[in-house]
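These notes concern the structure reproduced below.
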Amino acid sequence: MSVILEKTSPTAIKTALVLFSGGQDSATCLAWALERFERVETVGFDYGQRHLVEMEARQAVRAGMKTALPQWADRLGDDHVVDLTGYGRIAESALTADRKIEMDARGLPTTFVPGRNLIFLVAAAALADRRGLEVLVGGMCETDFSGYPDCRHETMEAMARALSLGLDKAVVIDTPLMWLTKGQTWELAETLGGAKLVELIVEDSHTCYRGDRTHRHAWGYGCGECPACELRAAGYEDWVASR
């Protein structure tokens, strides 16, 4: 789904910048964008996350995407990495510091990095402006998620409005997973790229909050116990059961 401001026709959009972490959701979004846009670039963020495996997964998934989706391989353009390590130290969380994963006083998980998606979108919008890329694509979702307020549709609407005002042009934020369950996200991946894309996501994408790449499950690598692993595993089981 898109948050489109001003009088921008989505059918006229030919280029996209995918916010790409190397996880299941962003990998699915990258495939989704490659199917739709003539030129697609990716951007990742080094925000001081504890586990470098996430940054390594980005490159593995990008490389594998050309094999999994050869019909769209020539659409995949440059990759960019934005250094936000200073921000990670300010917005300390269980993803950037040695803290227990639990619920805090506000009822939010300690894996919540305050304002992370907001910072990402500002940086991505600036990059897209200079690269001539017309739409931002992100894997934000409020159907199956960890309770992060910066994943909500309402937040995306507000960000699109703020970015449009700040850049003095219409900004499009496309969030194709916003109303999908994790099971439906697996289904979407299969629809987009069949077994090859599903295999790429299982083998090379990374979701686990603990950075575990030693334990291999049917749904991929991870500790199997953190909230991200539990959500991914449950979605996979739902998808398999529905087939």
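Every number here is computed from the coordinates shown, using simple stated rules; none is lab data. Please read these numbers as outputs of a predicted model, since none were measured by experiment.
For the pair GLU190 and ALA241 in one chain, pulling the backbone fully straight at 0.36 nm per residue adds 16.9 nm over the alpha carbon distance. Across region 170-180, coupling constants 3J(HN,Hα) worked out from phi with the 6.51/-1.76/1.60 Karplus curve, θ = phi - 60°, read 5, 10, 10, 10, 9, 10, x, 9, 3, 10, 9 Hz, and Gly and Pro carry x.
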